[in-house]
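See below for the structure under consideration.
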Amino acid sequence: MPYYRRIGNIPPKRHTQFRQPDGSLYAEELMGQEGFSSDSSLLYHRHLPTAIVAAEEYEPQAWSRQANRPLKPRHIQTHKLDTTGADPILGRQHLLANDDCRISYVVADQPSPLYRNAIGDECVYVEAGRARVETSFGALEVAEGDYVIIPTSVIHRIVPLTGAGPLRTLVIEATGHIGPPRRYLSVRGQLLEHAPYCERDLRGPSEPLLVDDTDVEVYVQHRSRGAGPGNNVGWTKFTYAHHPFDVVGWDGCLYPWAFSIHDFEPITGRVHQPPPVHQTFEGPNFVICSFVPRKVDYHPLSIPVPYNHHNVDSDEMLFYTGGNYEARRGSGIEQGSISLHPGGFTHGPQPGAPERAIGVDYFDELAVMVDTFRPLDLCEPALAAEDPGYAWTWARRDAPTAGAPDTATG
Ligand SMILES: [Fe+2]
């Protein structure tokens, strides 16, 4: 990703002899994206990264999935999906999916197994709790508000840390790569001055993570011919002869990294700013945006909440992850709620919200948005946690005191 990083011991010249204390060669591995025509890193292993001793198919939890028909705005109450004894990877409950991305939610209190997603990058957003993300590139300590970007095929595991409550994460699994919006990057990849964050805000591994072990299982999610569109996923459990955390050093621009939503510097204006100012990352056919506490529109006649709007080429998913929800009392939206406003439906603030917002100069809100160009299907857990009355709240037909989220994000 964003910029060059060098960790641990590496030889001065790439692709040259680099020997271990016993005189044997380290095993060099090039991990590269887009046919080795994009970002890559060179890793130096104590053992062969190719040495597997067993492979068996794994059947993950299967969730049914259906199209959003009849087309409706949806409200999913993720905290109704709370479980105990789950891990942050195999315990993911699928919510929304299309052929470009899949969005899941998990409440975890157990360490995950070792895992590799060979289909695409993952963005793990931490709603609550703390964790240590252990990878073959080193470890990242993450906490509430962190986005963790794990590039395709990086072997890792997620270990919830005790004392901070269960780990709650929203996970966006892509079928390609996730990174900063291109308009914020120089031609050589530096984050530009008008970007809402910069390299200083990004955290990467700082030292190698070495584990000695043999016959180690790694769950691999990979491309496979499946039962139909959107189901081209397979799982295989490899057993490696040696623990994959055997990298003594690496360098390059491909590695796992973290960015806190609290380091996102909001872009504000005299009148209401359009959704792209909140964009934080882009992926294949989707974007990820951050709505953070901020001063709001300061034109003397401004209306701080958004206008009704129709994102005609996208579905908009919004995850409410913090802030003052007292202002939204009666809307049904609460901490952990997800709203889905699909293309084909005009959405906006609840009736009366624009008048109430006039004169307000600050919004204390925290939300993560995923806008997808292809429509999102609803997965079984999302339907189980759905508030069925949400679609009618703008009309106030079923609940005269209820409304759409009284929020700046919309
Ligand atoms: Fe919107």
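Miscellaneous remarks
- First in region 333-350 and more than 27 Å from VAL126 (Cα to Cα) and within 10 Å of the ligand (Cβ to nearest atom), second anywhere and open to solvent by less than 10 Å² (accessible area, probe 1.4 Å) and of a type in the set (A, V, I, L, M), Cβ under 6 Å, 6 or more apart: none
- None of PRO349, PRO354, PRO300 is out of contact with any strand residue (DSSP E or B) (no Cβ under 6 Å at 6 or more places or on another chain), farther than 22 Å from ARG397 by Cα and not acidic (Asp, Glu) except PRO300.
- Matching residues in region 256-291 - criterion: being within 16 Å of the ligand (Cβ to nearest atom) and either modelled with pLDDT of 95 or more or not in a loop (DSSP other than H, G, I, E, B) (or both): PRO275, PRO276, VAL277, HIS278, GLN279, THR280, PHE286, VAL287, ILE288, CYS289, SER290, PHE291
- Residues of region 349-363 that are on the phi < 0 side of the Ramachandran plot and open to solvent by less than 70 Å² (accessible area, probe 1.4 Å): PRO349, GLN350, PRO351, ALA353, PRO354, ALA357, VAL360, PHE363.
- Looking at PRO21, PRO11, just one residue is open to solvent by less than 60 Å² (accessible area, probe 1.4 Å) and of a type outside the set (Gly, Ala, Ser), and that residue is PRO11.
- In region 301-317, of all residues being within 26 Å of the chain's Cα centre (by Cα) and among the polar types (S, T, N, Q), the one that is farthest from the ligand (Cβ to nearest atom) corresponds to SER314.
- ASP361 within 16 Å of the ligand (Cβ to nearest atom) and either within 22 Å of the chain's Cα centre (by Cα) or modelled with pLDDT under 95 (or both): no
- Subset of region 278-318 (residues that are of a type in the set (Phe, Trp, Tyr), exposed (fewer than 14 other Cβ atoms within 10 Å of the Cβ) and closer than 17 Å to PRO342 by Cα): TYR307
- If you go through region 310-336 and keep only what is in contact with a Ser or Thr (Cβ under 7 Å, 6 or more places away or on another chain) and at pLDDT 90 or above, you end up with HIS310, SER314, ASP315, LEU318, TYR320, GLY336.
- Residues in region 388-410 that are more than 16 Å from the ligand (Cβ to nearest atom) and either aliphatic (A, V, I, L, M) or at pLDDT 95 or above (or both) were compared, and the one that is most open to solvent (accessible area, probe 1.4 Å) is ALA395.
The values are calculated or read from the model by the stated rules, or taken from the named source; none is laboratory data. Model, not experiment: these values are computed from the prediction. All Cβ positions, glycine included, derive from the backbone under ideal geometry; neighbour counts span all protein chains shown. We work out accessible area using only protein heavy atoms, side chains counted, and drop any ligands, DNA or RNA first. Shrake-Rupley method; radii C 1.70, N 1.55, O 1.52, S 1.80 Å.
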